[in-house]
Amino acid sequence: MIGNQLALIKREFWEHRSIYVTPLAIASIVTLSVLAMLVFASGFAKELDLAIFGASNLAGEGERKAALTAFFVGTSWLFLVALAILTVFYCLDSLYGERKDKSILFWRSLPITDAETVISKLLTAVVIIPVAAVIGIIATHIANLIITSIWVSMKGGDAGLLIWGSVPLFDNWMAAFIVVLASGVWMSPFIAWFLFVSAWTKRAPLLMAFMPLILIPLLEWIFLRTRFFATAVLDRGDAIPLFRTLDIESFFDEEHWRDGLDGISLLGHLDVVQFLTSPSMWGGLLVCALFITAAVYVRRYRDES
Amino acid sequence: MTSVVNARGVSKHFGTVRAVDDVSFEIEQGKILGLIGPNGAGKTTLLKAVLGLTDCDGELSVLGLDPFRQRKELLKNICFIADVAVLPRWIKVTQLLEFVESVHPNFSRKRAEGFLSQTTVRSDAKVRELSKGMVVQLHLSIIMAIDAKLLVLDEPTLGLDIIFRKEFYSNLLNDYFDEKRTILITTHQVEEIENLLTDIMFINDGKILLDSPMDAIADSYVELTTSGEDAIKARGLGPIAEHEMFGKSVLLFEGVSRENLDGLGELRTPSVADLFVAKVKGARK
């Protein structure tokens, strides 16, 4: 069972290379942009000296920590957005493509159950793609820290103090890991819905997946004047019960670090217990299980010829 | 003899259409059975039921298992090629071998690589880069490297040229088949396989018209080419079919001994194709 899962997930990597190409591409883009920015900044020698002097002597550890965290959060968001788009297209293709090219007949000639296959696609979307994104985030951070420290040293700054002394690496990476993974779990009802549409639709999976998401709330509003569907489903993206209060700008507020610098911590703002005990998280998992069961059922019972 | 497939009153409906209609048959170990029928006769539906790809009514057991409910267990011991174009186009040959090796307990990668080395299929190629014939060779190399008890081939050589077709069947017979294995095969090109079959089954409109060992065909069926007076005499013996060829009458008899027909014309065992046409036309009357 586990051996089959590993083989099936490996198969997903072969078929959907975008799972690792996308994080790699974003990491390269971010790194190149930072590099370009540094080269551009090098043209302003006088201002630069002043800035490095300021950063070394006037700014405290709090400001440096906040600035680096803000940069990290910014790049992590890029990954999160790309990941979301990637997951939608991955899910919609995963059980549709094999029917379109008829390779489903080959896959089903091997001793693997339909449930194993569908679950491998679910695991890829909920766990593997997020993990690939976290690896991309960490790699981007390391690459940019190295580049920036070399650059700062070349410009006469103390990279050890300015960059490495202030960077809350573990805090940021753990936070990225938790947020990205929790987002996968939180969005699992959507992932399962996309997988179901992918297994079920005869054509145009993208259209079939999004039409109900637009039409149902519209019809509900026209006929009932209520917004239950929109609140429960469409607003789910903003409603993840994971952050206590997270306002990056407040990181730069000195009041915030009066009692030490612990306030400038992403991890400190995450409430994993609240997330794990939230009824809407479990409700989402239930919806996910229903759509996955439906997808397995459709793959198993529908005659493909 | 152990029976590999056992069907008792198997039916499959699609709405009001009976694709397979109360069919009973048995396939014994070590046989090569040809399942012959026109398009829409229910061949593919029957194969799907045997492979556990579709549910059906009646009793059907394959290798002692319920094919639909115990499909995973069953697929460890049966293989099938459903159509030539089903290998995923994006996959590399090496990836395909690796995948099948990791999910199939009875697959020998070494054997598959051995078969592939005799072909022109490059191991670093993607399926989409291969010609149709090469894809079939690849698929067959994989199938033949699986130590399966039952092999099901549904139109395996469709769209291939004659050289590939001949090679396909000779590989199958020489490198794969032995008395422990069983092969179930459907094809339109009956003439090409009739020499390798041990048994034959005709199916039309979801019903079995003929289910017989090949060597019993010569005992039960005889074709007479005749003309004039003799033809009239022969017609009195109740042929199941008749057609004209080069101005002569060709009559097909079932269960009429050769002694009775001796002297009325030229006698020979009918080809599977002729027998098939006669049976299908007979069933329509």
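The values are calculated or read from the model by the stated rules, or taken from the named source; none is laboratory data. Here the structure is a predicted model, which means the values were calculated and not measured. Backbone-built Cβ (ideal geometry, glycine too); neighbour counts: all protein chains shown.
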In region B:96-111, which residues are assigned to a helix (DSSP H, G or I), more than 7 Å from chain A (Cβ to nearest Cβ) and either under 26 Å from A:Arg99 (Cβ atoms) or touching a Gly at 6+ places or on another chain (Cβ under 6 Å) (or both)? B:Leu96, B:Leu97, B:Glu98, B:Glu101
What about B:Leu116, is it within 14 Å of another protein chain (Cβ to nearest Cβ), crowded, with 16+ Cβ neighbours inside 10 Å, more than 25 Å from A:Gly3 (Cα to Cα) and hydrophobic (A, V, I, L, M, F, W, C)? no
Here is a list: B:Leu74, B:Leu97, B:Leu87. Which entry is in contact with a His (Cβ under 8 Å, 6 or more places away or on another chain) and under 23 Å from A:Ala7 (Cα atoms)? B:Leu87
Counting only residues that are assigned to a helix (DSSP H, G or I) and either of a type in the set (Gly, Ala, Ser) or within 14 Å of chain B (Cβ to nearest Cβ) (or both), how many does region A:120-159 have? 10
Number of positions in region B:63-95 that are aliphatic (A, V, I, L, M) and facing chain A (nearest Cβ under 9 Å): 9
Subset of region B:18-40, residues within 14 Å of another protein chain (Cβ to nearest Cβ) and surrounded by 17 or more Cβ atoms within 10 Å (Cβ to Cβ), comes to B:Ala19, B:Val20
Among the residues of region A:99-119, what is the count of those that are over 18 Å from A:Thr293 (Cα atoms) and facing chain B (nearest Cβ under 7 Å)? 8
Does B:Ile232 fit the bill of being at pLDDT below 85, not in a loop (DSSP other than H, G, I, E, B) and not charged (D, E, K, R)? yes
Give me the residue from region A:95-113 that is buried (at least 21 other Cβ atoms within 10 Å of the Cβ) and among the charged types (D, E, K, R) and, out of that set, farthest from the chain's Cα centre (by Cα). A:Arg108
Could you tell me which of the residues B:Leu151, B:Leu184 is closer than 23 Å to B:Ala112 by Cα and in contact with a Cys (Cβ under 6 Å, 6 or more places away or on another chain)? B:Leu151
Going through region A:1-47 one residue at a time, which ones are away from every other protein chain (no Cβ under 14 Å), crowded, with 16+ Cβ neighbours inside 10 Å and more than 22 Å from the chain's Cα centre (by Cα)? A:Leu38
Do you know which residues across region B:235-285 are assigned to a helix (DSSP H, G or I), surrounded by 14 or more Cβ atoms within 10 Å (Cβ to Cβ) and among the acidic types (Asp, Glu)? B:Asp274
Taking the residues in region B:188-224 that are in contact with a Leu (Cβ under 8 Å, 6 or more places away or on another chain) and among the hydroxyl-bearing types (Ser, Thr, Tyr) as candidates, determine which candidate is surrounded by the fewest Cβ atoms within 10 Å (Cβ to Cβ). B:Thr198
Scanning region B:113-143 residue by residue, the ones that are over 19 Å from B:Ala82 (Cα atoms) and either part of a helix (DSSP H, G or I) or in contact with a helix residue (DSSP H, G or I) (Cβ under 6 Å, 6 or more places away or on another chain) (or both) total 10
